[in-house]
Amino acid sequence: METTETRARPDAGAAAGAEPAPRGLTRRALLARGAAFGMTLIVGAGFVTARDAAWAVEVTTLKPETMATLIQMARDIYPHDRLADRFYAVAVKGYDDPAKAEMVEAGIAALDAAAQGRGFDSYAGARWEADRTAILQDIAQGEFFQTVRSGLVTGLYNQKEIWPLFGYEGESFSKGGYIDRGFDDIDWL
Amino acid sequence: MANPARFDLADDSVVVVVGTGAGGGVVANELAQKGVKVVALEAGGRYLPEDYINDEWDSFGQLAWTDTRTTSGDWRVARDFRNLPAWIVKAVGGTSIHWAGASLRFQPHEWKGRTTYGAVPGANLLDWPVDAEEMAPWYDKAEAKLGVTRTGDRPGLPGSNNYKVFEKGALATGCKEVHTGRMAVNSVEYDGRQACQQTGFCFQGCKWGAKWSSAYTDIPRGEATGNLEVRDRCHVMRVEHDDKGKVTGVVYKDKDGAEQRQKARIVCVAGNSIESPRLLLNSASPMFPDGLANSSGQVGRNYMRHTTGSVYGIFEKPVRMWRGTTMAGIIQDEARHDPSRGFVGGYELETLSLGLPFMAAFMDPGGWGRPFTSALDSYENMAGMWVVGEDMPQETNRVTINAEVKDDHGLPVADVHYTDHPNDVAMREHAYAKGIAIYQAVGATRTMPTPPYPSTHNLGTNRMSEHARDGVVNRHGQSHDIANLFVSDGSQFTTGAAENPTLTIVALAIRQADHIAAEMAKGNL
Ligand SMILES: Cc1cc2nc3c(=O)[nH]c(=O)nc-3n(C[C@H](O)[C@H](O)[C@H](O)COP(=O)(O)OP(=O)(O)OC[C@H]3O[C@@H](n4cnc5c(N)ncnc54)[C@H](O)[C@@H]3O)c2cc1C
Ligand code: SF4
């Protein structure tokens with residue numbers, strides 16, 4: 001993806017804060033707005049980054065808030081408490097693409113509207129997962145939700161880095177298969 | 001390949017085989033072994049064990065048939081996988097690269113579905129024009145070719161973790177016929193191929209060659225005779241005929257996209273049960289306006305895919321089902337015909353394992369939220385089994401040409417229409433209950449009756465029949481209408497039986513090659 005970049009950036013938070021704040025936001029304001037994304041995300045100018053600044057997604061076409069909401073939406077569709085946000089960010093970073101931006105901005109706007117219909121300021125402003133899931137149910141039959149969900153099936157679960165968190169061991173030919181590595185080692189039956 | 005044959009496009013003495021999977025690969029080799037000159041045309045490329053990839057999606061991208069197809073009917077696949085009705089390989093070796101290797105003979109009564117089950121409303125049941133006794137010697141040959149475990153003097157495979165859970169549950173619920181299967185996977189070195197290393201990517205192509213596939217057995221052996229030329233990346237577009245109604249050859253797109261015409265004495269169609277009827281239908285001509293071999297109107301009809309479904313169980317402790325063979329064992333107690341269960345025909349239960357990426361895609365397509373992810377969180381503690389049962393042939397379940405959608409060659413694509421018969425639904429419900437009980441007997445804390453995947457067993461769309469009015473081909477797979485046109489794949493199936501189909505496809509292919517060679521020698525073909 002030429003238009004996006006995702007990697008662990010120890011300095012990303014600092015970089016985001018140190019930028020000349022093109023949208024007229026001070027670092028304090030950023031943090032304050034970030035708080036609206038109550039989970040783990042802080043929105044910076046052109047960046048969506050982890051609260052602990054362990055990683056960042058640079059957004060070039062989407063609004064940072066949109067990307068942050070999208071990452072939250074991805075987590076709420078496939079919530080795994082042991083998976084860090086960065087895996088969800090990787091799974092949806094491809095939407096930061098001029099060809100998709102309109103669809104995504106409209107989809108997230110509709111999601112926020114659905115949230116408002118249930119009395120929340122925004123989707124990300126709903127603090128309980130159960131509330132956000134109810135909001136997602138409202139849009140679940142729509143094209144936007146279906147696109148994001150089906151994209152996640154491979155975008156999330158085909159990231160080799162997450163496999164060990166599920167115990168899945170992946171490729172095994174180079175290790176000689178499991179004939180001597182526990183194909184029949186079950187001990188609790 | 002000491003001696004790769006090269007035949008001229010104008011050589012009309014060759015047998016052309018379309019497709020090189022379980023049926024086509026075997027018929028091509030068997031003919032070549034008998035001295036018959038064969039040109040095998042395969043739409044896909046050539047991949048060997050060193051090329052196979054231990055990664056579900058990468059392997060799918062390498063091997064699967066992803067040319068456009070469309071779907072219709074009530075089956076859930078049409079909703080969840082609109083353009084992927086079936087999971088089929090496009091490569092030299094066909095779906096025998098992906099298959100798990102379960103190799104079972106039909107039960108004798110299953111050759112006579114109409115007689116055994118009677119008239120089932122809505123079903124288009126018919127007896128096969130062959131029977132168990134006649135097929136027995138061909139099964140012997142097929143089992144020897146594939147090296148099927150627990151047949152001949154070949155020992156069974158050892159039981160994996162997934163199998164041990166399955167076996168314990170089976171025995172606890174009173175099942176008697178449970179074992180590690182009859183598998184075309186070597187338990188000991190056999191036929192120059194080594195024993196299974198329990199790698200666990202059987203669906204992605206066996207990198208050890210322990211599992212039989214025509215890709216690295218029949219195909220190279222046929223080529224070594226000097227009588228077989230395999231042309232890969234050659235997509236057959238239509239079969240041509242003369243004004244006497246005999247087929248004369250095929251037109252295909254070669255590797256470079258150029259159109260070629262290969263003359264032929266005989267054409268054997270073996271493109272799998274979706275592409276074979278599509279090819280016959282796309283070959284319509286003024287003389288055969290409804291497509292070749294279609295005077296009965298049955299080409300494309302009676303599409304069967306087995307009554308399938310999976311049950312996954314989650315346990316308190318790890319199972320690690322992905323370690324070892326993908327199909328590690330079988331329960332055969334329910335394979336019998338016993339209408340007191342509320343349905344005709346029977347089903348097998350076979351262990352199955354999917355890796356995490358495929359589990360996410362197939363466990364509950366369209367599912368999301370905690371009910372979905374909490375199951376995947378327990379992936380390590382899952383055991384899995386698959387249901388394979390006899391589905392009813394229905395005239396309206398069919399492969400047709402979708403004239404509105406074209407493939408890369410400009411040819412109309414196949415539409416695959418399927419709706420469960422009530423018998424299929426009753427059988428699946430019974431199998432789910434059985435599978436759930438089996439896992440609960442071993443202490444499952446959660447069980448998941450999982451819907452059928454895109455079809456891996458595709459059958460019946462050019463079925464065998466005694467009479468020309470009832471089907472497309474006769475007892476030898478020879479079309480009723482055109483003497484030098486044969487069907488050599490799973491589309492010949494008159495009924496599906498409860499068993500995985502490939503052993504029967506191979507047995508029929510060996511038998512057909514024998515018949516063709518004999519008829520050629522007699523000058524009848
Ligand atoms: C994941 C998986 C697991 C399976 N496990 C088992 C199992 O354990 N036991 C069992 O019995 N069966 C199993 N099967 C089913 C088995 O693989 C098939 O039944 C068998 O391979 C079908 O043989 P076939 O000859 O009909 O078609 P295929 O093997 O699919 O071969 C058809 C070939 O024709 C080619 N072709 C199609 N159209 C054209 C054209 N127009 N021109 C040129 N070439 C063309 C295709 O590219 C393909 O290579 C499994 C299948 C899958 C997908
Ligand atoms: S488990 Fe055995 S048969 Fe399956 S891919 Fe591995 S070695 Fe081959």
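The values are calculated or read from the model by the stated rules, or taken from the named source; none is laboratory data. Note that the structure is predicted; figures quoted are calculated from it, not measured. Note that each Cβ is placed from the backbone with ideal geometry, even for glycine, and that neighbours are counted across all protein chains shown.
Residues that are under 21 Å from the mean Cα position of the chain (by Cα) and farther than 24 Å from residue B:397 by Cβ within region B:487-525 comprise B:506, B:507, B:509, B:510, B:511, B:512, B:513, listed in sequence order.
Note on region A:154-177: residues that are more than 7 Å from chain B (Cβ to nearest Cβ) and within 17 Å of the chain's Cα centre (by Cα) total 6.
In region B:177-193 there is no residue matching the filter, namely being more than 11 Å from chain A (Cβ to nearest Cβ), at positive phi and away from ligand 2 (no atom under 16 Å from the Cβ).
For region B:346-367, filtered to residues that are surrounded by fewer than 23 Cβ atoms within 10 Å (Cβ to Cβ) and part of a loop (DSSP other than H, G, I, E, B), the residue that is farthest from the chain's Cα centre (by Cα) is B:367. For residue B:374, the requirement of being within 14 Å of chain A (Cβ to nearest Cβ) and not in a loop (DSSP other than H, G, I, E, B) is met. For residue B:345, the stated conditions do not hold, so it cannot be described as touching an Asp or Glu at 6+ places or on another chain (Cβ under 8 Å) and either within 14 Å of ligand 1 (Cβ to nearest atom) or modelled with pLDDT under 95 (or both). Within region B:195-224, the residues that satisfy the criterion of being more than 16 Å from ligand 2 (Cβ to nearest atom) and either in contact with a Lys or Arg (Cβ under 9 Å, 6 or more places away or on another chain) or among the basic types (Lys, Arg) (or both) are B:218, B:219, B:221.
Applying the set (1) more than 24 Å from the chain's Cα centre (by Cα); (2) modelled with pLDDT of 95 or more to residue B:399 leaves exactly one unmet item: (1). Output yes when any residue across region B:131-147 is within 16 Å of ligand 2 (Cβ to nearest atom), modelled with pLDDT of 95 or more and part of a loop (DSSP other than H, G, I, E, B), and no when none is. Scanning region B:131-147, I find at least one residue that is within 16 Å of ligand 2 (Cβ to nearest atom), modelled with pLDDT of 95 or more and part of a loop (DSSP other than H, G, I, E, B), so the answer is yes. Counting only residues that are without any contact (Cβ under 8 Å) to a residue 40 or more places away in the chain and more than 15 Å from ligand 1 (Cβ to nearest atom), which one in region B:285-333 is farthest from the other protein chains (Cβ to nearest Cβ)? Filtering region B:285-333 for residues that are without any contact (Cβ under 8 Å) to a residue 40 or more places away in the chain and more than 15 Å from ligand 1 (Cβ to nearest atom), the one farthest from the other protein chains (Cβ to nearest Cβ) comes out as B:286. Using the structure shown, decide if residue A:117 is in contact with an Asp or Glu (Cβ under 8 Å, 6 or more places away or on another chain) and either more than 8 Å from chain B (Cβ to nearest Cβ) or more than 30 Å from residue B:195 (Cα to Cα) (or both). Spelling it out, residue A:117 is indeed in contact with an Asp or Glu (Cβ under 8 Å, 6 or more places away or on another chain) and either more than 8 Å from chain B (Cβ to nearest Cβ) or more than 30 Å from residue B:195 (Cα to Cα) (or both). Here residue B:293 clears all of (1) assigned to a loop (DSSP other than H, G, I, E, B); (2) in contact with a helix residue (DSSP H, G or I) (Cβ under 7 Å, 6 or more places away or on another chain); (3) on the phi < 0 side of the Ramachandran plot except the condition numbered (3). Taking the residues in region B:183-200 that are touching a Ser or Thr at 6+ places or on another chain (Cβ under 7 Å) and not in a strand (DSSP E or B) as candidates, determine which candidate is farthest from ligand 1 (Cβ to nearest atom). Applying the filter and picking the extreme gives B:195.
Among residues of region B:197-222 that are within 9 Å of chain A (Cβ to nearest Cβ) and touching a residue at least 40 places away in the same chain (Cβ under 8 Å), those with a beta-carbon under 8 Å from a residue that is of a type in the set (A, V, I, L, M, F, W, C) and in a helix (DSSP H, G or I) at least six positions away or on a different chain give the pairs B:199/A:173; B:201/A:173; B:207/A:173; B:208/A:173. What are the residues in region A:106-145 that are polar (S, T, N, Q), buried (at least 16 other Cβ atoms within 10 Å of the Cβ) and not in a loop (DSSP other than H, G, I, E, B), if any? Passing the criteria: only A:133. The numbered conditions (1) within 14 Å of ligand 1 (Cβ to nearest atom); (2) over 28 Å from residue B:69 (Cα atoms); (3) within 14 Å of chain A (Cβ to nearest Cβ); (4) hydrophobic (A, V, I, L, M, F, W, C) are all true for residue B:171 except (1). The set of residues in region B:32-68 that are within 14 Å of another protein chain (Cβ to nearest Cβ) and among the basic types (Lys, Arg) is empty.
Residue selection: residue B:160 fails the criterion of being surrounded by fewer than 23 Cβ atoms within 10 Å (Cβ to Cβ) and within 12 Å of ligand 2 (Cβ to nearest atom).
Conditions (1) near ligand 1 (Cβ under 8 Å from one of its atoms); (2) touching a strand residue (DSSP E or B) at 6+ places or on another chain (Cβ under 9 Å); (3) farther than 22 Å from residue B:426 by Cα; (4) not charged (D, E, K, R), marked per residue:
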{"site": "B:77", "(1), (2), (3), (4)": "no, yes, no, yes"}
{"site": "B:81", "(1), (2), (3), (4)": "no, yes, yes, yes"}
{"site": "B:93", "(1), (2), (3), (4)": "yes, no, yes, yes"}
{"site": "B:96", "(1), (2), (3), (4)": "yes, yes, yes, yes"}
{"site": "B:104", "(1), (2), (3), (4)": "yes, yes, yes, yes"}
{"site": "B:107", "(1), (2), (3), (4)": "no, no, no, yes"}
{"site": "B:110", "(1), (2), (3), (4)": "no, no, no, no"}
{"site": "B:116", "(1), (2), (3), (4)": "no, no, no, yes"}
{"site": "B:130", "(1), (2), (3), (4)": "no, yes, yes, yes"}
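Residues that are at negative phi, within 13 Å of ligand 1 (Cβ to nearest atom) and surrounded by fewer than 17 Cβ atoms within 10 Å (Cβ to Cβ) occur at least once in region B:243-251.
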